[in-house]
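Here the structure is laid out as structure tokens; the discussion comes afterwards.
The values are calculated or read from the model by the stated rules, or taken from the named source; none is laboratory data. Everything quoted here is computed from the prediction, not taken from an experiment. Cβ: placed from backbone, ideal geometry, glycine included. Neighbour counts: every protein chain shown. All accessible areas refer to the heavy atoms of the entire protein, side chains included, with ligands and DNA or RNA removed. Shrake-Rupley method; radii C 1.70, N 1.55, O 1.52, S 1.80 Å.
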Amino acid sequence: DANYLIDKAYAELLEEGCSIVKPLLGVMIEVPAAVYMARELGNRVDFLSVGSNDLTQYLLAVDRNNARVASLYDALHPAMLRTLMKVVEGGHAAGVEVSICGEMASDPMAVVLLLAMGFDTLSMNSSSLLRVKAVIRKISIANARKMLADVLVFEHPSEIREYLQKALEDEGLGSLIRSGVPCTDGY
């Protein structure tokens, strides 16, 4: 229905003599049901974009704003990682680009895994760019894929975080993941 309405509005504007480019149409993947329809949705749009904050919350059934359960909210949960892989797989099978936004796209530890999964675009606020850029420059895609394969056997987010923290420390990127420490590694 959305495609039809956009096509109709675009045609009307062209008939009125407007010189415009038809906008790309995308779908936000923010609920588990959309994950399992990623390929089908991708067949109808130009791109898919994962809203990592909402998808994590809905997938794990944890209200990140509720102090009593917020500690259970973790985007590096093994279920979330497998879910993200499914979205990329579905979107690429449909021939569309897949992007991700939200806190996860600006987390240097998560970025390693997101690149290994095959995300085409990371969307973040500008304050995260230097840290993410440093990780992307330093970690090879082969190494990132190895890290992803390694963490997929873990059953708890804390195990994944410990592994990634050590891996980034070993690569000389430890200052990027220590909270409150400015990025001073020349990146």
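Accessible area per residue for the chain in Å², computed with a 1.4 Å probe and the full protein assembly in place, what is it? Each step should come with its number before you reach the end.
Values: 10390 Å² over 187 residues.
On a per-residue basis, 56 Å².
Using Cα atoms only, what is the angle between the long axis of helix 78-93 and the major principal axis of the chain, expressed in degrees (0 to 90) to the nearest 10?
Roughly 40 degrees between the two axes.
Please turn the phi angles of the stretch 52-59 into ³J(HN,Hα) values with the Karplus equation 6.51 cos²θ - 1.76 cosθ + 1.60 (θ = phi - 60°), one per residue in order, whole Hz, x for glycine and proline.
Computed from phi, the couplings for the stretch 52-59 are 5, 5, 5, 4, 4, 4, 6, 5 Hz.
Less than 16 Å apart at the alpha-carbon level, and either on another chain or at least 8 residues along: which aspartates and glutamates does that give for Lys138?
Asp107, Glu169, Asp170, Glu171, Asp185
Viscosity 0.692 mPa s, temperature 37 °C: give me the Stokes-Einstein translational D for the chain in µm²/s, with Rh taken as the Kirkwood radius over C-alpha pairs.
Answer from the Stokes-Einstein relation: 183 µm²/s.
Would you mind checking the tilt of helix 2-15 against the longest principal axis of the Cα atoms of the chain, expressed as 0 to 90 degrees and rounded to 10?
Relative to the chain, helix 2-15 is tipped by roughly 50 degrees.
Translational diffusion coefficient, Stokes-Einstein: compute it for the stretch 1-101 using the Kirkwood radius over C-alpha pairs as Rh, at 10 °C and 1.306 mPa s, and state it as an integer in µm² s⁻¹.
On the way: Rh = 15.1 Å.
After rounding, the answer is 105 µm²/s.
How large is the helix-only mean residue ellipticity at 222 nm for the chain, computed as the sum of -39500 (n - 2.57) over DSSP H runs with n ≥ 4, divided by its residue count, in deg cm²/dmol to the nearest 500? List each step's numbers first, then the result.
Details: 9 runs with 93 residues, N = 187.
Value at 222 nm, helices only: -15000 deg cm²/dmol.
Which shape class applies to the stretch 48-131: rounded if a/c is under 1.5, otherwise prolate when a/b exceeds b/c and oblate if not, where a ≥ b ≥ c are the square roots of the Cα gyration tensor eigenvalues? Mind showing how you got there, number by number?
Numbers: a/c = 2.07, a/b = 1.34, b/c = 1.55.
In terms of gyration-tensor shape, oblate.
Carbon and sulfur atoms: what percent of the 1.4 Å accessible area of the chain do they account for? Before the final figure, lay out the partial values.
On the way: 5460 of 10390 Å².
Whole-percent figure for carbon plus sulfur exposure: 53.
Ordered by packing density, taken as the mean number of other Cβ atoms within 10 Å over each peptide's residues, highest first, how do 106-115, 17-26, 32-41, 81-90 rank? Show your work: numbers first, answer last.
Numbers: 106-115: 23.7, 17-26: 9.9, 32-41: 16.9, 81-90: 19.8.
The packing order, highest mean first, is 106-115, 81-90, 32-41, 17-26.
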